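Peer 1: Dumping the structure here so I can ask a few things about it.
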Amino acid sequence: MAERRRRQAAPPPEQDPEANPESVARAILLRQLTLGPRSRLQLERKLRERNVPDEVSATLLERFEDVGLVDDAEFARMWVRSRGEMKSLGRGALRRELNEKGIKGDVAEDALDELTPEAEEAAARSLLARRARPFDRRDPAARDKELRRLVGMLARKGHAPGFAFRLAAEALDVDADGDDAGPSPG
């Protein structure tokens, strides 16, 4: 019981005014990295938010990069892979997200190049299959409304307009059984 009180009484290093700034920064970085991969910019922002001096922050981040704990290229590859598959995001949305996390230029483009057009299309088709709603196939206005909804959804996910329109139209032309809903060939 007394041990529990002692642990509660000791402030975390970043709240202790006597704490060494480097120790505080190291503790913050390690805690952030145990939560999941982070880009250098994300870690810089967290350290700045916790009032760690810039020179201490830069020195520690360089050390963490040298030992491989912070690697923007690996972070970008992981981000593109996971967000592309799980959220069905297109290249445009992924590029914006990487940019927000401080990943730009060749590093971002190299990571985006790992997202093949086939994988991007498969993820978009899967999303369309999950999100398509039933509609009256005899009513052209109902089809147009559903088409606009699906194209808008894909566009918000960062897919190019022509690509989104083509895939949504194809998805609507296939009925629930997977048969072509168009006129029969003869």
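The values are calculated or read from the model by the stated rules, or taken from the named source; none is laboratory data. Every value quoted in this text rests on a predicted model; they were computed, and no experiment measured them. Using ideal geometry, Cβ is built from the backbone for each residue, glycine included, and neighbour counts are taken over all protein chains shown.
Peer 1: Just one of (1) within 30 Å of M153 (Cβ to Cβ); (2) at pLDDT 95 or above; (3) among the hydroxyl-bearing types (S, T, Y) trips up S88, so point out which.
Peer 2: Just one mismatch for S88, condition (2).
Peer 1: In this structure, is R81 assigned by TED's automatic domain parsing to the domain that holds K101, at pLDDT 95 or above and out of contact with any Leu (no Cβ under 7 Å at 6 or more places or on another chain)? Spell out the reasoning first.
Peer 2: On the way: assigned by TED's automatic domain parsing to the domain that holds K101: yes; at pLDDT 95 or above: no; out of contact with any Leu (no Cβ under 7 Å at 6 or more places or on another chain): yes.
In short, no.
Peer 1: Let me ask another. Can you pull out every residue in region 141-158 that is surrounded by fewer than 18 Cβ atoms within 10 Å (Cβ to Cβ) and either under 18 Å from R96 (Cα atoms) or in contact with a strand residue (DSSP E or B) (Cβ under 9 Å, 6 or more places away or on another chain) (or both)?
Peer 2: G152, R156
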